[in-house]
Amino acid sequence: MDFNPYVLMLFGNALLTTVISSAVVAVILLREYRPTIRRLKQTNTADRR
Amino acid sequence: MDITLWIFVLVLAAYVIVAAGLTRFIRNSADFYVMGERGSTVLITGTLAATFLSAVTLMGIAGISYSEGPLVIGALGSFGAWLGTLVAVVWIGRKMKAMECRTMMDFFDRRFNNKWVSVVALILMVIGLLGYGIIQLIGAGLVLAEIIDVPFPVIIVAFTAALMVFCSLSGMYGVVYTDTMMFFTLLAIAFVISPMLIDQAGLENLRGLGERLPGYWTLAGADDRSLGWSISQFLVWILFFACTPALVSRVFPAKNDFVILKVAIVGVFFAPAMQLMVYLAAGAMQVIQPGIEPADRAMIVGFMDHTNPVLAGVGLAGLMASIMSTASTLFVLTGFALARDLYEKLFEKRLSEKRSVLAGRISQIVVSLIVCVIAIARPAGIYWISIYAGSIFAVAWLPTIVAAMTWRRANATAALACMLVGSISFIVFGELERHDVISYPAGIDNLMIAFVLGTATLVALCYACRPSSYELARYEEMKGQRMAEITIGRFLDSDASGATLIREYRRVWWVMAAMLVIAFGLWGFFFVRLGL
């Protein structure tokens, strides 16, 4: 095995870009949408009962 | 007629026909400027990715990857561009869309309501967009003219005529749809032609380039560039891409916040995916055919001489797409700036919807004619402007926009001073270095100095001057304008049960999971094959 840290940096940064964008979107979804989604789900469940 | 000329004509005709067909959707100014905010995930991803991937990637940076190694720009400079794109979409673009901006100039107008701020921002935008766009059109047009053996002025007239048709007839509709068509051509380059070239070269041989060209698989590259240079590239690209109107404005036509969030994942994934595949293919060309001169023709030689005629045609269409997708966005925004921001707002013309669209169309024709004349004449001044054009948004706009969005004390005086100090010092320090009057330590350049000076001026004047009551009121109002709340409200208005909202919310999570799996698979594969 001939580990090249620079190559890891190249593809690691490409992967990191998707990881960061996913993390940012996840935070937005959890902070800005989840409370409403939970409320809607609870209301829907109560309506069904 | 030569096959390459056929492809050139057919590709241009296809874009023009599609754009002409879209004219029927233009019923008011919202349709013309932001395609009635009906942009789906595919369309917004397409226009973002196609605008992102310009001829600079396919020629300039591919050339550096070919001669010095894929890591020289790819590892840090391009990483800055990818992160900058994310900032442009998910923060600046999303916030401006929440403020109901149709152009980036709307933001300056609404936040400060100051004519001087608007005039300076407008001048910087027109110079930045045109300077960057025209020089790309000239550079790639010269290469294309050589490939298809058609005089350069004919290429430029054909390009600008096509741009005129789809920008003036169908405005943002035409740009977004044709960009998406171009995106699929660019995908073919990244995921069909590039893998073929890499396969022809063989991953082992590609990896072995480090033995023939020492440093080829390092950050410094075969030319042994300094670490400071790589860091400087990272900063230049992240600052430039974070606030360039070409990328930020891609968000404005989005249908809702879920589209923006999906684009932030998918569109931003395609930035490295398309670029790195091209860089690796350029490296593969070093194995297949060393000694290509000039190096920025490496990918074109790859398309034309090392694939079959069909793929060579796709490659040529992709090269045209890389030029036109970026140029169409830059020029449509310049036209919008002239019609909407200069004529309608600064000159305070109250136009009906019909006349507003007409003004937009006329300005697109004017921009196309100006671009055509400048590109054919190629005056020395345009090369000078191009040195500074692209990066001017980084030094003049970015600190102003960030402060205006996040700082209560931001005011028109500070914004104006920041834009002037940033842009003027950028040019002055650049010229002093260009004429060998001063030199900077390794890793420091005029962009960094101008950015620091502009930001320092902004901060000092934010503390020295008090914001007006209008600015304070707008800041508070802006803080309350959130894309999530707008989207939730609209979804619940159309479906009170919230089922559609919940479905869209879940879809974003699924898209995120899928893209993470794809990214791990793709980049993991290349790392194992080339880095272990």
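Overview of values
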{"item": "Alpha-carbon Rg with Dmax, taken over segment B:369-489, Å", "result": "18.6, 59"}
{"item": "Net charge of Cβ neighbours under 15 Å - reference B:Ile502; Lys, Arg +1; Asp, Glu -1", "result": "+4"}
{"item": "Cross-link partners of B:Lys97 among lysines (Cα-Cα below 25 Å; sequence separation of 8 or more within a chain)", "result": "B:Lys115, B:Lys255, B:Lys262, B:Lys345, B:Lys349, B:Lys354, B:Lys479"}
{"item": "Hz values of 3J(HN,Hα) by residue in segment B:526-532 - Karplus curve (6.51, -1.76, 1.60), Gly and Pro given as x", "result": "5, 5, 4, 6, 10, x, 10"}
{"item": "Listed peptides B:131-139, B:74-82, B:500-508 by packing density, highest first (mean Cβ within 10 Å)", "result": "B:74-82, B:131-139, B:500-508"}
{"item": "Shielding score for B:522-532, defined as the mean number of other chain Cβ atoms within 10 Å", "result": "5"}
{"item": "Å² per residue, accessible surface of chain A at 1.4 Å", "result": "61"}
{"item": "Total charge dipole magnitude, segment B:39-386, about the Cα centre, Cβ charges on Lys, Arg, Asp, Glu only, Debye to nearest 20", "result": "1500"}
{"item": "Long-range amide H partners of B:Tyr440 with built H, under 5 Å", "result": "none"}
{"item": "Cβ-placed point charges (K, R +1; D, E -1), dipole of chain A about Cα centre in debye, nearest 20", "result": "620"}
{"item": "Karplus-derived 3J(HN,Hα), 6.51/-1.76/1.60, for each residue of segment B:446-454, Hz, glycine and proline x", "result": "5, 5, 5, 4, 5, 4, 5, 4, x"}
{"item": "Probe 1.4 Å, accessible area per residue of segment B:39-386, Å²", "result": "30"}
{"item": "Kirkwood Rh (inverse of mean 1/r, distinct Cα pairs), the protein assembly as shown, angstrom", "result": "24.5"}
{"item": "Theoretical gain in end-to-end length, B:Ser469 to B:Arg110 [0.36 nm per residue, Cα-Cα removed]", "result": "127.9 nm"}
{"item": "Global geometry of segment B:350-423, whether rounded, prolate or oblate, following the gyration tensor of its Cα atoms and the 1.5 cut on a/c", "result": "oblate"}
{"item": "For segment B:39-386, with +1 on Lys and Arg beta carbons and -1 on Asp and Glu, the positive-most of B:Pro272, B:Ile231, B:Cys243 along the dipole", "result": "B:Cys243"}
{"item": "Values of log10 I(q)/I(0), in the order q = 0.09, 0.12 Å⁻¹, for chain B under a Debye, Cα-only, solvent-free model", "result": "-0.65, -1.19"}
{"item": "Chains B and A, summed buried accessible surface - 1.4 Å probe, Å², nearest 100", "result": "3700"}
{"item": "D (Stokes-Einstein, µm²/s), Kirkwood Cα radius, segment B:1-140, 0.692 mPa s at 37 °C", "result": "177"}
{"item": "Under-5 Å amide H pairs with B:Arg38, H placed in peptide plane, nonlocal only", "result": "none"}
{"item": "Within the accessible area of segment B:39-386 (1.4 Å probe), percent carbon and sulfur", "result": "65"}
{"item": "Carbon and sulfur %, accessible surface of segment B:477-532 computed with the full protein complex present, 1.4 Å", "result": "65"}
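The values are calculated or read from the model by the stated rules, or taken from the named source; none is laboratory data. Owing to the predicted nature of the structure, the values given are computational and were not obtained by experimental measurement. Glycine also receives a Cβ, built like all others from the backbone with ideal geometry; neighbour counts cover every protein chain displayed. Note: areas computed on protein heavy atoms with side chains; ligands, DNA, RNA excluded. Shrake-Rupley method; radii C 1.70, N 1.55, O 1.52, S 1.80 Å.
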